[in-house]
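Enquirer: Structure below; questions to follow.
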Amino acid sequence: MTTFPIEKIRADFPILQEKIRNKPLVYLDNAASCQKPQQVIDSIVHCYSHEYANVHRGVHTLSVKVTDRYEGAREKVKDFINAHSTKEIIFVRGATEAINLIAQTFAKSNIKAGDEILITAMEHHSNIVPWQMLCAETGAVLKVAPINLQGELIYPEFEKLISDKTKLVSVVHMSNALGTINPVEKIIAAAKVKNIPVLLDGAQAIPHMSVDVQALDCDFYVFSGHKLYAPSGIGVLYGKQALLEAMPPYQGGGDMIRKVTFEETEYNTLPYKFEAGTPNIADVIGLGAAIDYLNEIGMDNIAAYEAELLTYATEKAKQIKGLKLIGEAQEKGAILSFVLDKIHPHDIGTMLDSLGIAIRAGHHCAMPVMDFFEVPATARASFAMYNTKEEIDVLIKGIEDLIEIFG
Amino acid sequence: MFDDLRDLYQEVIFDHNRNPRNFHVMEDSDRKVEGFNPLCGDRLTLFLKMDGDKITDASFQGSGCAISTASVSLMTEIVKGKTEAEAEELFKQFHEMTTGKEEAINLEAIGKLAVLAGVREYPARVKCATLAWHTLDAALKNEQESISTE
Ligand SMILES: Cc1ncc(COP(=O)(O)O)c(C=O)c1O
């Protein structure tokens, strides 16, 4: 690998220069949301300063310009995940909205009482609750494939749960609470045998690895912009064209129609059928800028650099007496979830904050995972491409010091 | 080391966290209420023994952060022997202390609880300190079996 341009990357993120409680910020809460490079910030400022109007609606110059930018961003997303067509890229608010959209359109029209939806025990609440709501409405049943103490999916158990009743498999690509990367190729292959559509929750995976939806052959892939160095409030639903064509619309309104009379409405073609109302124009453009930024560095380079960070952090963490890692999967992304003997994660969070270190302490919207490991919460340090080994040293020293002070 | 945190994590808090007082199940309690903070997963069960409107004994079980453990531990000590009205008054004082109305606090009445005044500066942690008292409040009002800070 050519040397990773860490200095340049860090210089691109203005917030990394901030001081927190008079200490340099060590931002290790990237799994919750990550920071934005100047290029993304500038793209939004540029949009509002020079190229803003509504999209798809005007003949005037600004509207044409901004529509080009907006659709240009869709093109970038399509290439980024290697979708077949821009028709398959639907802009939504985030992963959560994308999953709800699928539940309320695709799933609702295909799933009936007695049918099953299969998820895993490591899902984020956003890949649990929409299905519970759907099950309550339709009488379908939610099946949950178990995990082991390393935090890995017990694949044989998962396979056993696939049946003729299974109408949808929806699994997290990479777990936010554990870091586990699921064997999605195997999962998809097994589902295909029975023609079961597969939804991948890519909210965590997308910033850490290159994703090719055609190679994966998943039916749906969802992610949020804000975890991909892009603005909050924007996300992507990828769906195979044939499935999206067959799905009823999600919301009704402007942009999603072709022709409206009071007698009937003809829906617009893809992707607009699922984009009712004025979209989040500037943030879509910001998402496009984030993808340009990432492409320049290269997702494979990012993955390799982060793997090094994770290995380094894991080795250091394991040397701390009284520290227990939660999630030690063989295949793992750059997340370190841990608990300390007799020290509550909230105290860890406050203590580290006083050193300028931002981590997450809590259940990470994955309460069933906490129950499984019999902890009320964990402390979680999650890494991004702009983090360094020096920052990990600061974290480790902070943990050692707080253990000492707690006595 | 952690100099900024000295107001929040006073030695008394570490002490109560290490050795919580009245930390046991009370088999013959008159009131038993569960408190839960879904945000951080803190859970506690508070037990009270009453004689008329007087709290004659208090104990707790559960797990939480140092702030919440110290808070409930200190609370069980201070409310013993208090009447319901006196305990409610303490709750009011405590609430004001932790949410920032310094002028309103009767330092004498609040006694040892003053070590928790530091949470004022940490809005994310105020609920850790007040969970115990909300649970006590529910127990005194005898209204619910379980309460939540959300
Ligand atoms: C694995 C996973 N799925 C889904 C989500 C939901 O993403 P959002 O809140 O951006 O909709 C998250 C975010 O925390 C996540 O980590």
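Enquirer: Would it be correct to say that A:I392 is open to solvent by less than 20 Å² (accessible area, probe 1.4 Å), more than 10 Å from chain B (Cβ to nearest Cβ), out of contact with any strand residue (DSSP E or B) (no Cβ under 6 Å at 6 or more places or on another chain) and not basic (K, R)?
Expert: Criteria met by A:I392.
Enquirer: For A:Y312, which of the numbered conditions (1) under 21 Å from B:F14 (Cα atoms); (2) open to solvent by 50 Å² or more (accessible area, probe 1.4 Å); (3) hydroxyl-bearing (S, T, Y) fails to hold?
Expert: Here A:Y312 clears every test but (1).
Enquirer: I would also like to ask the following. Return a yes/no flag: does the stretch A:253-260 have any residue that is buried (at least 19 other Cβ atoms within 10 Å of the Cβ) and under 18 Å from A:V55 (Cα atoms).
Expert: Let us first name the residues in the stretch A:253-260 that are buried (at least 19 other Cβ atoms within 10 Å of the Cβ), namely A:256.
Applying the additional criterion that residues be under 18 Å from A:V55 (Cα atoms) yields A:256.
Within the stretch A:253-260, one or more residues are buried (at least 19 other Cβ atoms within 10 Å of the Cβ) and under 18 Å from A:V55 (Cα atoms).
Enquirer: Does any residue of the stretch B:106-117 turn out to be in contact with a helix residue (DSSP H, G or I) (Cβ under 9 Å, 6 or more places away or on another chain), within 14 Å of another protein chain (Cβ to nearest Cβ) and modelled with pLDDT under 95? Talk me through it step by step, then tell me what you get.
Expert: Filtering the stretch B:106-117 for residues in contact with a helix residue (DSSP H, G or I) (Cβ under 9 Å, 6 or more places away or on another chain) gives B:106-107, B:109-117.
From the residues that got through so far, the ones that are within 14 Å of another protein chain (Cβ to nearest Cβ) too are B:116.
Retained after the next criterion (residues that are modelled with pLDDT under 95): B:116.
Scanning the stretch B:106-117, I find at least one residue that is in contact with a helix residue (DSSP H, G or I) (Cβ under 9 Å, 6 or more places away or on another chain), within 14 Å of another protein chain (Cβ to nearest Cβ) and modelled with pLDDT under 95, so the answer is yes.
Enquirer: Would you mind telling me which numbered condition in (1) within 14 Å of chain A (Cβ to nearest Cβ); (2) surrounded by 14 or more Cβ atoms within 10 Å (Cβ to Cβ) B:Q93 fails?
Expert: Unmet condition: (1).
Enquirer: Sticking with this structure for a sec: Name the single residue that is farthest from A:P207 (Cα to Cα) among those in the stretch A:327-349 being β-branched (V, I, T) and within 13 Å of chain B (Cβ to nearest Cβ).
Expert: Initial filter on the stretch A:327-349 (β-branched (V, I, T)): A:335, A:339, A:343, A:348.
From what is left, the residues that are within 13 Å of chain B (Cβ to nearest Cβ) are A:339, A:343, A:348.
Details: A:V339: 25, A:I343: 31, A:I348: 26 Å.
By that ranking, first place goes to A:I343.
Enquirer: Of all residues being without any contact (Cβ under 8 Å) to a residue 60 or more places away in the chain and in contact with an Asp or Glu (Cβ under 7 Å, 6 or more places away or on another chain) in the stretch A:177-191, which is nearest to the ligand (Cβ to nearest atom)? Just the residue, please.
Expert: The extreme case among them is A:I188.
Enquirer: Suppose we filter the stretch A:374-389 for residues that are under 19 Å from A:G327 (Cα atoms) and crowded, with 22+ Cβ neighbours inside 10 Å; how many remain? Spell out how you get there, then give the answer.
Expert: Initially, the stretch A:374-389 is screened for residues under 19 Å from A:G327 (Cα atoms), giving A:374-384.
Still in the list and also crowded, with 22+ Cβ neighbours inside 10 Å: A:376-384.
Here the count works out to 9.
Enquirer: Report yes if A:I297 is in contact (Cβ under 8 Å) with a residue 60 or more places away in the chain, away from the ligand (no atom under 16 Å from the Cβ) and either buried (at least 22 other Cβ atoms within 10 Å of the Cβ) or within 15 Å of A:I81 (Cβ to Cβ) (or both), otherwise no.
Expert: Working: in contact (Cβ under 8 Å) with a residue 60 or more places away in the chain: yes; away from the ligand (no atom under 16 Å from the Cβ): yes; either buried (at least 22 other Cβ atoms within 10 Å of the Cβ) or within 15 Å of A:I81 (Cβ to Cβ) (or both): no.
Considered against the rule, which asks whether it is in contact (Cβ under 8 Å) with a residue 60 or more places away in the chain, away from the ligand (no atom under 16 Å from the Cβ) and either buried (at least 22 other Cβ atoms within 10 Å of the Cβ) or within 15 Å of A:I81 (Cβ to Cβ) (or both), A:I297 comes out as no.
Enquirer: Give all pairs with beta carbons closer than 9 Å in which a residue from the stretch B:1-28 that is at the interface with chain A (Cβ under 8 Å from one of its Cβ atoms) meets a residue that is open to solvent by 70 Å² or more (accessible area, probe 1.4 Å) and of a type in the set (G, A, S); count only pairs at least 6 apart in sequence or on separate chains.
Expert: B:F14/A:G407; B:R18/A:G407
Enquirer: Let me ask something else about it. For residues in the stretch A:228-252 being of a type in the set (S, T, N, Q) and touching a helix residue (DSSP H, G or I) at 6+ places or on another chain (Cβ under 7 Å), which is most open to solvent (accessible area, probe 1.4 Å)?
Expert: Restricting attention to the stretch A:228-252, the residues satisfying the condition of being of a type in the set (S, T, N, Q) are A:232, A:241, A:251.
Subsequent filtering for residues that are touching a helix residue (DSSP H, G or I) at 6+ places or on another chain (Cβ under 7 Å) retains A:232, A:241.
Numbers: A:S232: 77, A:Q241: 50 Å².
Result: A:S232.
Enquirer: Among A:I196, A:I188, A:I181, A:I147, which is the only one that is touching a Cys at 6+ places or on another chain (Cβ under 7 Å) and of a type outside the set (K, R)? Let's see the steps before the verdict.
Expert: Details: A:I196 fails: touching a Cys at 6+ places or on another chain (Cβ under 7 Å); A:I181 fails: touching a Cys at 6+ places or on another chain (Cβ under 7 Å); A:I147 fails: touching a Cys at 6+ places or on another chain (Cβ under 7 Å).
Just a single option satisfies the conditions, and that option is A:I188.
Enquirer: On to the next question. Could you identify the single residue in A:V222, A:V198 that is surrounded by fewer than 24 Cβ atoms within 10 Å (Cβ to Cβ) and β-branched (V, I, T)?
Expert: Values: A:V222 fails: surrounded by fewer than 24 Cβ atoms within 10 Å (Cβ to Cβ).
Selected residue: A:V198, the only one of A:V222, A:V198 that is surrounded by fewer than 24 Cβ atoms within 10 Å (Cβ to Cβ) and β-branched (V, I, T).
Results for (1) of a type outside the set (V, I, T); (2) closer than 21 Å to A:I403 by Cβ; (3) open to solvent by less than 40 Å² (accessible area, probe 1.4 Å); (4) touching a strand residue (DSSP E or B) at 6+ places or on another chain (Cβ under 8 Å), shown as yes or no for each residue.
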{"site": "B:D30", "(1), (2), (3), (4)": "yes, no, no, yes"}
{"site": "B:L39", "(1), (2), (3), (4)": "yes, no, no, yes"}
{"site": "B:L44", "(1), (2), (3), (4)": "yes, no, yes, yes"}
{"site": "B:K54", "(1), (2), (3), (4)": "yes, no, no, yes"}
{"site": "B:K80", "(1), (2), (3), (4)": "yes, no, no, yes"}
{"site": "B:T83", "(1), (2), (3), (4)": "no, no, yes, yes"}
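Enquirer: Could you please let me know if A:I403 is within 14 Å of another protein chain (Cβ to nearest Cβ), at pLDDT 95 or above and within 26 Å of B:D3 (Cα to Cα)?
Expert: Values: within 14 Å of another protein chain (Cβ to nearest Cβ): yes; at pLDDT 95 or above: yes; within 26 Å of B:D3 (Cα to Cα): yes.
Yes: the conditions hold for A:I403.
Enquirer: Inside the stretch A:197-220, can you point out the residues that are in contact (Cβ under 8 Å) with a residue 40 or more places away in the chain, within 20 Å of A:S163 (Cα to Cα) and more than 16 Å from the ligand (Cβ to nearest atom)?
Expert: A:P197
The values are calculated or read from the model by the stated rules, or taken from the named source; none is laboratory data. Fair warning: this is a prediction, and the values are worked out from it, not measured in the lab. Glycine also receives a Cβ, built like all others from the backbone with ideal geometry; neighbour counts cover every protein chain displayed. Protein only, heavy atoms only, side chains kept; ligands, DNA and RNA dropped before computing areas. Shrake-Rupley method; radii C 1.70, N 1.55, O 1.52, S 1.80 Å.
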